Amino acid sequence: MAWAAATLVGAVLMALPDNNDRVLTFTEDHGPALVDTVGMLLVVAGFAAYVAALVLARRRVRRADALVALVGYLGGTALTAWSVSTDTGWWWALGLAVAYAGMGWLAWRLERPARTLEAEREPEADAGGA
């Protein structure tokens, strides 16, 4: 779960106050300073590690689980982007939590033992009848 630690630390770094010494300016109140840039790099590194783990485990990913993760991640990311771009306060935190929950859901499902996942996929042999 190194991806989780990297994304959480990165998110905390981006949420910390800075001295307005910005590298870029997005809006009057938002733009990455050096500490924000380090936070963004950690978030990107964590996301890259997450995607790499998914690629390696792609045969074990169930469609329903992938859909839950994708909807959570995209919905949370959209809420965060809207909140930051419109300066609407703490809505970005909810967006971050929703995106993180979507990613966490799939990671949790993939950490389950393979035999549990196989049992969920295969119908009961005795329940088939005739």
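See the values below:
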quantity: Filter pass, residue 18 being charged (D, E, K, R), over 16 Å from residue 107 (Cβ atoms) and out of contact with any Pro (no Cβ under 9 Å at 6 or more places or on another chain); calculated: no
quantity: Tally, over segment 88-107, of residues that are part of a helix (DSSP H, G or I), over 11 Å from the mean Cα position of the chain (by Cα) and modelled with pLDDT of 85 or more; calculated: 3
quantity: Sole exception among (1) exposed (fewer than 12 other Cβ atoms within 10 Å of the Cβ); (2) without any contact (Cβ under 8 Å) to a residue 40 or more places away in the chain; (3) of a type in the set (S, T, N, Q) for residue 80, by number; calculated: (1)
quantity: Of residues in segment 1-46 being in contact with a strand residue (DSSP E or B) (Cβ under 6 Å, 6 or more places away or on another chain) and acidic (Asp, Glu), the one nearest to residue 103 (Cα to Cα); calculated: 18
quantity: Residue within segment 48-58 that is touching a residue at least 24 places away in the same chain (Cβ under 8 Å), of a type outside the set (A, V, I, L, M, F, W, C), closer than 22 Å to residue 9 by Cα and surrounded by 15 or more Cβ atoms within 10 Å (Cβ to Cβ) present; calculated: yes
quantity: Exclusive hit being closer than 22 Å to residue 4 by Cα, modelled with pLDDT of 85 or more, touching a helix residue (DSSP H, G or I) at 6+ places or on another chain (Cβ under 9 Å) and surrounded by 17 or more Cβ atoms within 10 Å (Cβ to Cβ), set 70, 74, 110, 42; calculated: 42
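The values are calculated or read from the model by the stated rules, or taken from the named source; none is laboratory data. Bear in mind the structure is a predicted one, so any value in this text is a computation, not a measurement. Cβ sites come from the backbone with ideal geometry, for glycine too, and all protein chains shown count toward neighbours.
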